[in-house]
2 protein chains.
Amino acid sequence: MITTDPPTRNGVDTATLFATLDAVKAAPEAARFQFRAHNQWLSGTHNRSTITDFFGVGEERTHQRTFTFDADHPAVLVGRDQGPTPVEFVLHALAACLTAGLANIAAARKVKLTEVRSTVSGDIDLNGILGLNPEVRNGYQQITVRFTIKGDASAEKLRDLLEQSRARSAVYDVITNQVPVTIEVDTP
Amino acid sequence: MITTDPPTRNGVDTATLFATLDAVKAAPEAARFQFRAHNQWLSGTHNRSTITDFFGVGEERTHQRTFTFDADHPAVLVGRDQGPTPVEFVLHALAACLTAGLANIAAARKVKLTEVRSTVSGDIDLNGILGLNPEVRNGYQQITVRFTIKGDASAEKLRDLLEQSRARSAVYDVITNQVPVTIEVDTP
């Protein structure tokens, strides 16, 4: 009996994953993407983003659905709690990025995952954004990610998968390194 | 006729906002918060975060509702497009943070806003995360935010509000500066 590598592992289509890698190797400019969020203020600290269009692999694209997300402050921070705070979305983004990478890397290395859970915690002193203490930064002072990972590999190998995901994570890079941000304003 | 400052402006309860500032001035430790996201892997690059609990003003708290958000990769990045990519949530977080701050600062400065919209664009070269070019970073190379702001103040004053929001934005700080991230893993 001839056994072939299954086409998907961990829900990852590994054949397509490797084909995509080969395609980008042959045409590196295909990997230039631009992602976008469109935001509209609603009331107070409550606002809503729409995520639908992006550019990649040489052309304008859209997600299969339009995604909308509300953000707000909780009552204790003088909001109406119509959504998470903006800083909580950053924690979700970090968990999601590390987890997606982990699943891809496990599939490529032929490890079957059975459970991946994580909690991301960010410590922030609001004396910064409230302008009450110039010594305190506005953003998180530190972020901690705690993963539980189960699969058909040794603990050491599972840890290696996570380390490789960290080493190739876009959101981890954004948070731990600096990204230049330009802000333009049109005031008609 | 005696006119008093209205209790809310731009949907911001300014009286509570100033009372909160006074309370934190009197007890700075109340401003120590910890935000959290709990993430569960579903399949492939598809995973889901739950945001509900946080710590602040000296005690454990919960949002009025539990918020859940899916993240995934689009088909062109070998996912099933069950949610935005993790990096798109970062753009939403930045727009939401700058906009919430703008509304608060405008209310404090007695400016009535009528419209605030923004588009956040992030340029990323996936040769980084794909491991195909060690010269290319994993995260965004640059992020651009374009705001349209309308209200009952001069263009200059509206720009000043946005500049002050930027100067006090937690997410802007996280993205443009560095936050230390610790990753722990439990592999039972």
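Out of every Cα-Cα pair that segment A:80-123 contains, those further apart than 18 angstrom amount to 42 percent. Residue by residue along B:134-143, Cβ atoms of other protein chains within 10 Å of the local Cβ number 6 on average.
Taking a ≥ b ≥ c as the square roots of the eigenvalues of the Cα gyration tensor, an a/c ratio of 1.5 or more together with a/b larger than b/c marks the protein assembly as shown as prolate.
Helical runs assigned H by DSSP (4 residues or longer) give chain B a calculated mean residue ellipticity at 222 nm of -9500 deg cm²/dmol, each run adding -39500 (n - 2.57) before division by the residue total. Peptide A:160-172 shows a mean partner chain C-beta count of 4 within 10 Å per residue C-beta. Dividing the convex hull volume of the alpha carbon atoms of segment A:63-188 by its residue count gives 190 Å³ per residue. Each Lys and Arg Cβ is given +1 and each Asp and Glu Cβ -1; about its Cα centre, segment B:53-188 then shows a dipole of about 840 debye.
Estimated from the Cβ-Cβ distance and a Förster radius of 30 angstrom, the FRET efficiency linking A:LYS157 and A:THR16 is about 0.80. For the protein assembly as shown, compute the number of Lys pairs whose alpha carbons are separated by less than 15 Å, excluding pairs fewer than 8 positions apart on the same chain. Value for the protein assembly as shown: 8. For segment B:35-104, a/c is not less than 1.5, where a ≥ b ≥ c are the root eigenvalues of the C-alpha gyration tensor, and a/b does not top b/c. That puts it in the oblate class.
The listed peptides B:112-122, A:51-61, A:83-93, ordered by packing as a protection proxy, come out as A:83-93, B:112-122, A:51-61 (highest mean of other Cβ atoms within 10 Å first). Counting only other chain Cβ atoms within 10 Å of each residue's Cβ, the peptide A:22-35 averages 5. Cα centroids of segment A:68-138 and segment B:117-188: 14 Å apart. Each principal axis of the Cα cloud of segment A:1-74 was taken in turn, and the coordinate range along them, longest first, works out to 65, 31, 18 Å.
Shape analysis of segment A:1-131 places it in the prolate category; the axes a ≥ b ≥ c from the Cα gyration tensor give an a/c of at least 1.5, with a/b above b/c. Shown for B:GLY11: label points 7 Å from Cα along the beta-carbon vector, and their distances to the equivalent points in the other copies, 3.3 nm in ascending order. Working value for segment B:97-162: equivalent-ellipsoid semi-axes of 37, 10, 8 Å, each the square root of 5 times a Cα gyration tensor eigenvalue, largest first. Measuring from each Cβ of chain B to the axis that turns chain B onto chain A, the shortest distance belongs to B:PHE89, 3 (residue, then whole Å).
Values quoted throughout were computed directly from the atomic coordinates according to the rules given, and no laboratory measurement underlies them. Since we're looking at a predicted model, the values are computed, not measured. Because the Cβ atoms are built from the backbone with ideal geometry, glycine has one as well, and the counts that use them run over all protein chains shown.
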